Amino acid sequence: MKNLNHLIDLNDFGKSQWDEIINLGEKIMDNPHIYEASCRGKIMGTLFYEPSTRTQMSFQSAMLRLGGGIIGFDNPTASSVMKGESLKDTTKTVSGYSDIMVMRHPVAGSVKAAALTADCPIINAGDGGHLHPTQTLTDMLTLHKEKGRLTGLKIGICGDLKYGRTVHSLVKALSCYEGNSFVFISTEELQMPEYITAPLEKWSKSDSIDEVIGGLDVLYMTRIQKERFASEAEYEKQASRYILDAEKMKKAGDDLIVMHPLPRLNEIDVAVDSDPRALYFKQAHYGMYVRMALILIILNYNITPPVLLKGEAQDGDGGIKCKNENCILQKEPHLPHSFIIKGGVATCEYCESRQCI
């Protein structure tokens, strides 16, 4: 991969660099006029292969507020993708027009694959159900701004924890900060995967918001995904248990903050919107500032080279093939297979699916 400062996974940057992005985001928030011409003459390419509101528009707003310009598409049917153009050819072409590129794609590992041949830095704006690092940075900025810290927090996470890329990334990041503990609130069928919980020191699970909300500093809501249930009746039965309403909020502490990556369906009653502890719309606004900070840092090349996580060893193909049907390796056969090998388990570097070897 070329020596560019891509952001594919938060682990591409170190913890100190997460803090740098968050701190710069707060500085921009406090004095936006200082940064309004920082990207004059720069162009950001935005390639959104699937729908987005907040992520796409906050990136676009971020670049415009920094004085830069935007090219790209928000609907692949309006591009040569409809003619059968490969991911490599599209991203290689657009990266030649751009100083920085932002990409969302429904296939896991797709952004990493694009970065192999891109001529400018690429930011992952979500690759399938895999990763969404800038949402996690948004969440961290929100916590730091509203709670004044990223340590010593008791965080409840509610909803579809099995398939939610947002909460997977958030838990992995916040577990790197001292004293944080987690309560996973969900049905047993949609609980947090073992590969997320295994490294955690302090965590528990519950099937009820009411039972745990009083002891939380943060309640992070996500939607229960209807498509994961065998029937409409079973979905309705489960989903109704995880609706945050005014009655549940009465049991919460005065300093609780409620977050949600949005969009929501009915998991937060609209009556909660007027509660000062409900911060999900402010959270979406903070996303613009953290993305402004990220753009500035990447374009200024202030990020140190990525390092592997402690205790992990990198390995190439070695004859191993990824078995995840939704991995980009199944769609783009020219890509080299690459795995991280640890304890007899091979983890695909594109989609992070694991298999024993």
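The values are calculated or read from the model by the stated rules, or taken from the named source; none is laboratory data. Just so you know, these numbers come straight off a predicted model, no measurement behind them. Cβ placement follows ideal geometry from the backbone for every residue including glycine, while neighbour counts extend to all protein chains displayed. Just the protein is used for accessible areas: all its heavy atoms, side chains included, with ligands, DNA and RNA removed. Shrake-Rupley method; radii C 1.70, N 1.55, O 1.52, S 1.80 Å.
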Point-charge dipole on Cβ atoms (K/R +1, D/E -1) for the chain, about Cα centre, debye to 20: 580 debye
Of Gly164, Met103, Tyr242, which is farthest along the charge dipole of region 102-245 in the positive direction, counting Lys and Arg as +1 and Asp and Glu as -1 at C-beta? Met103
Which of the peptides 160-167, 263-270 is most tightly packed, and how do the rest follow, going by the mean number of other Cβ atoms within 10 Å of each residue? 160-167, 263-270
Label-to-label distance, nm, for residues given as Glu146 and Ile357 (7 Å Cα→Cβ offset): 4.2 nm
With the dipole of the chain defined by +1 on each Lys or Arg Cβ and -1 on each Asp or Glu Cβ, the option from Ala118, Pro333, Val183 whose Cα lies farthest towards the positive pole is Ala118
About the Cα centre of region 229-289, what is the dipole size in debye to 20, counting +1 per Lys and Arg Cβ and -1 per Asp and Glu Cβ, all else neutral? 160 debye
Can you report the principal axis dimensions of region 100-225 using only the alpha carbons, biggest first, rounded to whole angstrom? 50, 34, 24
Give me the 1.4 Å probe accessible area per residue for the chain, excluding ligands and nucleic acids, in Å². 44 Å²
Can you grab the distance from the C-alpha centre of region 87-108 to the C-alpha centre of region 113-171, Å, no decimals? 20 Å
In whole Å, what are the Cα extents of region 72-115 along the three principal axes, biggest one first? 25, 24, 17
Give the cysteines in the chain for which no other Cys Cβ lies under 4.7 Å away, or write none if there are none. Cys39, Cys120, Cys158, Cys176, Cys356
On the accessible surface of region 257-298, probed at 1.4 Å with all protein chains in place, carbon and sulfur together account for a percent value of 62 percent
Please report the carbon-and-sulfur percent of the accessible area for region 1-123; probe 1.4 Å, protein heavy atoms only, DNA, RNA and ligands left out. 48 percent
Normalised by the empirical 2.2 N^0.38 Å for globular proteins, what value does the Cα Rg of region 26-75 take? 1.22
Hey, what does the equivalent ellipsoid look like for the chain, semi-axes from the Cα gyration tensor as sqrt of 5 times each eigenvalue, largest first, whole Å? 31, 25, 20
Within-13-Å neighbourhood charge of Ser86 [Cβ basis; K, R +1; D, E -1]: +1
Out of Thr142, Thr347, Thr53, any idea which swings most in a Gaussian network model of the chain, alpha carbons joined below 10 Å? Thr53
Cut-off under 29 Å on the C-alpha distance; same-chain residues fewer than 8 positions from Lys323 excluded. Which lysines are left, in chain and number order? Lys2, Lys83, Lys88, Lys92, Lys112, Lys162, Lys172, Lys226, Lys310, Lys331, Lys342
Calculated from DSSP helices alone, with each H run of at least 4 adding -39500 (n - 2.57) and the total divided by the residues of the chain, [θ]222 nm to the nearest 500 comes to -9000 deg cm²/dmol
Kirkwood Rh and Cα Rg combined as Rg/Rh, region 12-118: 1.00
Using a simple charge model, +1 on the beta-carbon of Lys and Arg, -1 on the beta-carbon of Asp and Glu, nothing else, what dipole does region 84-149 show about its Cα centre, in debye to the nearest 20? 280 debye
Other residues with Cβ under 13 Å from the Cβ of Asn324 give, with Lys and Arg +1 and Asp and Glu -1, a net charge of 0
